[in-house]
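Q: Input: one structure, supplied below.
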Protein chains: 2
Amino acid sequence: MLGTQSKHVQNVLIIEDQHLMRTILVDELKGALTTCFVQGAANMSQAMDMLETNLFDLVIIDPGLPGFDPRSQSDRLAVVQTIVEMSPNAIHFVITGSDSDEEWRAMQKLGVSAYLAKNHIRPGSMIEVLDDFANEGLSVRFADEAMAPPEFVYSGLTPREQELINWMRQRPEGKSRRQIYEELGHRIGIDPDSAEKYYKRARAKLLKTGILPKGL
Amino acid sequence: MLGTQSKHVQNVLIIEDQHLMRTILVDELKGALTTCFVQGAANMSQAMDMLETNLFDLVIIDPGLPGFDPRSQSDRLAVVQTIVEMSPNAIHFVITGSDSDEEWRAMQKLGVSAYLAKNHIRPGSMIEVLDDFANEGLSVRFADEAMAPPEFVYSGLTPREQELINWMRQRPEGKSRRQIYEELGHRIGIDPDSAEKYYKRARAKLLKTGILPKGL
DNA sequence: TGAAACAGGGACAGTGCTGTCCCTGTTTGA
DNA sequence: TCAAACAGGGACAGCACTGTCCCTGTTTCA
């Protein structure tokens, strides 16, 4: 189950008690794998049910489950150990809100292949994590304070329009909009003209509703 | 800014260090408000920049920010207090991974209107929270172990197909599929025939790829 | 002053999801 | 055995988003 196999994983289980986080992790995995079948469990008993009745290729675990003390290192390790033992043929990733180097080492001894701080997982990151794992057999991401550009979302924009606005907001000083159109068009594989159109339409919409950020 | 106003909020700031959680909160807010402008900040300095240069109607805070000790009650309260003082005209919601009754009381004294445990926020919940707030001036949701039905996602299904599969998986023993079509069609405002079609198409796709759950 | 960058549009085709309506068969249970 | 429930499709229209190509003006700056 190593190597190039990892992107064709079929059966994935995500064990995480926060609904929104679980939902988006399911989506991220769906996006990172070409064809797959992702299931989510919100607590230990649900997870154990599913582990008993299914064979998973990949199990993603947040050890901070309800009924266990999130401060207790032994509780966290016990959760992971139980799950690893119930799915001996699966790959196991751990996702955590509060990471530590010691915990990663302990998890690794239990057979965990990746250890990911929640605040270091961005949309699209799971692809990189799976790549790391395919190449090196493991992937580790500790918490990270690095600046991400602030988000900005207006309810009336389509995804493409949002994308163009976001890129344009990060435009460096000396760069012309045309250069952004060129660059971005190349990056996402569309005509620079189209990129220009999306930006202009987005801008027009924002102007009409009066909420146009400062960088235009 | 009370009452029916709350759904027409325009400017929203979400302060949360976990990228995925922030992303989905932005989306949830975008969905819950008719027209809005949602911004996200990943840490305190970014948040303070934005609070200085913008006027927000609603600020949503996760007090567990990088640079502060998530175990320290005083750190958490200080974060919230600073933000509340910087946006005196805004409504403030607090979202937290580890909730407690005492913390909610302390937050309330700082002027916080809603206190929400992360594991109690489901997709679509923000609408209810805003309703609660509009009616009662506050909204509180402590952590909750109640069973949510396990998720199931297959990468090749459209949203509607997913929805039908998910409803059908929860079908009670004595209920016929036709009854589900009826009920669901009524609930989401489509023809029962259409519901039937979606389910059948979804089922066919799952059969073709070999991953059909047990309940059919 | 002339060229590039800009704002702000229109026309058009393609695609995927939605939703309605209709069809043929097979299985199941009262 | 007869009707309802089921599996598994086809045809078709509407709609939103995408993407390409083209247009007119105005501003900016070398």
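Q: Taking R0 as 25 Å, what FRET efficiency do you get between B:ASN89 and A:LEU207 from their Cβ-Cβ distance, rounded to the nearest 0.05?
A: Taking R0 as 25 Å, the efficiency between B:ASN89 and A:LEU207 is 0.50.
Q: Residues in the range A:69-109 near a label at B:SER100, defined as backbone nitrogen under 16 Å from the 7 Å Cα→Cβ point?
A: Counting only backbone N, you get A:69-72.
Q: Quick check on the protein assembly as shown: take the gyration tensor over C-alpha atoms, sort the square-rooted eigenvalues as a ≥ b ≥ c, and tell me if it's rounded (a/c under 1.5), prolate or oblate.
A: Because its axes are fairly even, with a/c under 1.5, the protein assembly as shown counts as rounded.
Q: Further question on the same structure: Quick check: the distance between the Cα centres of the range A:27-93 and the range A:132-205, to the nearest angstrom?
A: Cα centroid to Cα centroid, the span is 33 Å.
Q: What size of dipole, in debye to the nearest 20, comes out for the protein assembly as shown about its Cα centre when the only charges are +1 on Lys and Arg C-beta atoms and -1 on Asp and Glu C-beta atoms?
A: Here the size comes out at about 1780 debye.
Q: Could you please rank A:TYR199, B:TYR115, placing first whichever residue has the fewest other Cβ atoms within 10 Å of its Cβ?
A: A:TYR199, B:TYR115
Q: Using a Förster radius of 51 Å, what is the FRET efficiency between B:LYS214 and A:LYS214 based on their Cβ-Cβ separation? Nearest 0.05, please.
A: On the way: r = 55 Å, r/R0 = 1.09.
Efficiency, from the Cβ-Cβ distance: 0.40.
Q: Same structure again: Roughly how big is chain A's charge dipole about its Cα centre, with Cβ charges of +1 (Lys, Arg) and -1 (Asp, Glu), in debye to the nearest 20?
A: So the dipole magnitude of chain A works out to roughly 1400 debye.
Q: Determine the sum of side-chain charges near B:ALA143: Lys and Arg each +1, Asp and Glu each -1, restricted to other residues whose C-beta is under 10 angstrom from that of B:ALA143.
A: Net charge in that neighbourhood comes out at -2.
Q: For the pair B:GLU52 and A:GLU182, what calculated FRET efficiency results from E = 1/(1 + (r/R0)^6), where r is the Cβ-Cβ distance and R0 = 51 Å, to the nearest 0.05?
A: Taking R0 as 51 Å, the efficiency between A:GLU182 and B:GLU52 is 0.90.
Q: Counting only C-alpha contacts under 8 Å and six or more residues apart, can you give the relative contact order of chain A as a whole percent?
A: 15 percent
Q: Between A:ILE24, A:ILE188, A:MET48, whose Cα lies farthest towards the positive end of the dipole of chain A when Lys and Arg beta carbons carry +1 and Asp and Glu beta carbons carry -1, centred on the Cα centre?
A: Positive-end residue among those listed: A:ILE188.
Q: Something else: Summing +1 for each Lys or Arg and -1 for each Asp or Glu, what net charge is found among the other residues whose Cβ lies under 14 Å from the Cβ of B:ALA106?
A: -2
Q: Over all residues in B:45-54, what is the mean tally of Cβ atoms on other chains that come within 10 Å of each residue's Cβ?
A: 1
Q: If the cut-off is a Cα-Cα distance under 16 Å, which lysines reach A:LYS197, setting aside same-chain residues fewer than 8 apart in sequence?
A: The qualifying lysines are A:LYS205.
Q: Let me know the mean shielding of A:114-121 by other chains, meaning the per-residue number of their Cβ atoms within 10 Å of its Cβ.
A: Average per residue, whole number: 3.
Q: Using the Cα centre of the protein assembly as shown as origin and beta-carbon charges of +1 (Lys, Arg) and -1 (Asp, Glu), tell me which of A:PRO70, B:SER113, A:ILE127 is placed farthest towards the positive end of the dipole.
A: After comparing all options, I get A:ILE127.
Q: Using 0.36 nm times the number of residues separating B:LEU110 and B:ASP131, minus their current alpha carbon distance, what extension gain do you get? Spell out each step's value before the answer.
A: On the way: separation 21, 0.36 × 21 = 7.56 nm, distance 2.17 nm.
Contour length minus Cα-Cα distance gives 5.4 nm.
Q: Classify chain B as rounded, prolate or oblate from the Cα gyration tensor: take a ≥ b ≥ c as the square roots of its eigenvalues, call it rounded if a/c is under 1.5, otherwise prolate when a/b beats b/c and oblate if not.
A: prolate
Q: Let me ask another. Along the positive direction of the dipole of chain A (beta-carbon charges: Lys, Arg +1; Asp, Glu -1; about the Cα centre), which of A:PHE152, A:LEU33, A:PRO213 reaches farthest?
A: Looking along the dipole axis, the top candidate is A:PRO213.
All of the numbers you see were taken from the coordinates with simple rules; none came from a lab. Everything quoted here is computed from the prediction, not taken from an experiment. Ideal geometry is used to build each Cβ from the backbone, glycine not excepted, and the neighbour counts take in all protein chains shown.
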